[in-house]
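Trainee: The structure's right below; bear with me while I get my questions together.
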Amino acid sequence: MTEPRFHGPDFAALEASDPEIAGIVLDELDRQRGGLQLIASENLTSPAGLAAQGSVLTNKYAEGYPGARYYGGCEVVDRAETIAIERAKALFGADHVNVQPHSGASANLAVYAAFAQPGDSVLAMSLPHGGHLTHGATVNFSGRWFTAVPYHVRKDTELIDYDEVRELALVHRPRIIVAGATAYSRELDFAAFRAIADEVGAILWVDAAHFIGLVAGKAIPSPVPYADVVSATTHKVLRGPRGGMLMCRAEHARAVDKAVFPFGQGGPMMHTIAAKAVAFGEAQTESYARYAAQVVANARTLSTSLVDAGMRAVSGGTDTHLILFDLQHLRIDGRTAEARCAAAGITLNKNAIPFDPAPPAVASGIRVGSAAVTTQGFDAEDMNAVGSLVARAVRAEAGTADGDRELAAVKDEVTTLVARKPAYPVI
Ligand code: PLP
């Protein structure tokens, strides 16, 4: 039986005027629904959010902020941005919120612009240990314009080495200390970061891009009471539109707003801001809090299941929505594992692990996340099934008769599993 296909706002108009692009949208929906989506930074935005984003609000130029725009006719979109800001303030208890950043990277650019000058030093998690490109990678503006000082995880525990963070802070006296990462599965000790920042007079910036959705659902502690500024994305666990946001203490509000517009961006995307408001509204509900708790429970179940299947969870497990697995003792590299899973209808990514001997394009690990499958309604039993399917796919030697047969068998089981709890079931 084929599921009904998604018809978004005015989708018929798209099909009539541009069947090529309409077909791509439907093919992508089929891809998302047809396999297991385990990319830790992805989720399934609600139909309500999709509708807001695919709306006529895209037509409006609104440089500036609500009540103080450089264009006329902003009185309607002002309402959307004000609601987005008020909902986010209520959700996170933040003094000030800016919902205009186009993405997580744009939000991060604004943090540098608000708090540092080119050449200043910034203490952040090393990229190979889980940090993000915008935390000082040489290929990124952050590494080119600022002096990045990387901190690491400890080799024995694979947890952030807070002693090293403090030592480096005392030596380098950074302008900014960054807490937050892209491939770190554990809760962060915000109080420890705050104490170190206070000791050296640094700004504490928490990049909550990955986990802000868990904070919204009260599944993990909030960085907001500790940080001078928090940057985040709205499209990961938070399940909103692709975009960024910033929260800060009242004293930094003006600097942060000016760093977003006019420093880093022009007109805000009002359709996306409306969709952010929808996501914040959804995140205020009891059902979202249950979702966030289930995301963490599901990640733990998946972690246990893959450890039972012979993989090693970096740092021994997870407190969040993501888990990093080291495949070295299986003698399978991350790139190979990713390709085998893809052949079985399982989408995940290869990932460097701390102290990885392999180059990043090969990597010794994989990163998996539970946000999207939890949106589909997966529970512990489903996650155990997911774990067993991932483990079988990773071990199946593609290119051999046995391996290809096994990958085909796993793919069949993936199809059956996702058909029971499909993405976008009602549309
Ligand atoms: N910061 C962190 C920690 C991230 O993990 C990411 C994206 O994965 C970003 C920033 C950038 O977000 P975006 O891809 O929206 O620019």
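The values are calculated or read from the model by the stated rules, or taken from the named source; none is laboratory data. A quick note: this is a predicted structure, and the numbers were derived from the prediction, not measured. Positions of Cβ are backbone-derived with ideal geometry, glycine not excepted, and every protein chain shown enters the neighbour counts. Just so you know, the surface numbers come from the protein's heavy atoms only, side chains and all, with ligands and any DNA or RNA stripped out. Shrake-Rupley method; radii C 1.70, N 1.55, O 1.52, S 1.80 Å.
Trainee: Could you tell me which of rounded, prolate or oblate describes region 286-418, using a ≥ b ≥ c as the square roots of the eigenvalues of the alpha-carbon gyration tensor, with rounded for a/c under 1.5 and, failing that, prolate when a/b is larger than b/c and oblate otherwise?
Mentor: On the way: a/c = 2.13, a/b = 1.25, b/c = 1.71.
Judged from the Cα gyration tensor, region 286-418 comes out oblate (a/c at least 1.5, b/c at or above a/b).
Trainee: What accessible area per residue comes out for region 286-418, rounded to a whole number of Å², with a 1.4 Å probe?
Mentor: 39 Å²
Trainee: Normalised by the number of residues in region 77-154, what is the relative contact order in percent for Cα pairs under 8 Å and 6+ residues apart? Working shown, then result.
Mentor: Details: 82 pairs, mean separation 16.8, N = 78.
Value for region 77-154: 22 percent.
Trainee: Starting with the highest mean, order 70-77, 192-199 by the number of other Cβ atoms within 10 Å, averaged over the residues of each peptide.
Mentor: 192-199, 70-77
Trainee: P(r) of region 1-137 in 10 Å steps, Cα pairs, percent per bin?
Mentor: Values per bin, smallest distances first: 8, 24, 29, 27, 10, 1.
Trainee: Taking just the C-alpha trace of region 178-260, give me its Rg and Dmax in Å.
Mentor: 12.7, 38
Trainee: At a threshold of 8 angstrom on Cα-Cα distance, excluding pairs fewer than six apart, so keeping six or more, what relative contact order does region 56-283 reach in percent?
Mentor: The value is 29 percent.
Trainee: Then there is this: Report the Cα-based extents of region 56-283 along its three principal axes, largest first, to the nearest Å.
Mentor: Sorted from largest, the Cα extents of region 56-283 read 56, 36, 30 Å.
Trainee: Also, I was wondering about something else. Provide the per residue accessible area, probe 1.4 Å, for region 56-283, rounded to a whole number of square angstrom. Don't jump to the answer; show the numbers that get you there.
Mentor: Working: 8820 Å² over 228 residues.
For region 56-283, the per-residue accessible area is 39 Å².
Trainee: Let me ask you something else. Please list the radius of gyration and Dmax for the chain, considering alpha-carbon atoms only, with Å as the unit.
Mentor: 21.8, 66
Trainee: Given a 1.4 Å probe and every protein chain left where it sits, what share in percent of the accessible area of the chain is carbon and sulfur? Could you put the intermediate results ahead of the total?
Mentor: Working: 9660 of 17660 Å².
The value for the chain is 55 percent carbon and sulfur by accessible area.
Trainee: Further, regarding this structure: From zero up to wherever the largest Cα-Cα distance of region 235-307 sits, split into 10 Å bins and tell me the percent of pairs in each.
Mentor: Once binned at 10 Å, the Cα pair distances of region 235-307 give 16, 31, 30, 17, 6.
Trainee: Sticking with this one: Considering only the chain, what is the antiparallel percent among its DSSP beta bridges, to the nearest 5?
Mentor: Expressed as a percentage, antiparallel bridges in the chain total about 55.
Trainee: Separate question: Give the distance, in whole Å, between the Cα centre of region 74-92 and the Cα centre of region 170-206.
Mentor: 29 Å
Trainee: Once the Cβ-Cβ distance between ARG249 and GLU381 is put in as r, and R0 is 41 Å, what FRET efficiency do you end up with, to the nearest 0.05?
Mentor: The computed FRET efficiency comes out at 0.40.
Trainee: Pull out the extension gain between ALA339 and SER388, defined as 0.36 nm times the separation in residues minus the alpha carbon to alpha carbon distance; nm, one decimal.
Mentor: My answer for the length gained is 15.9 nm.
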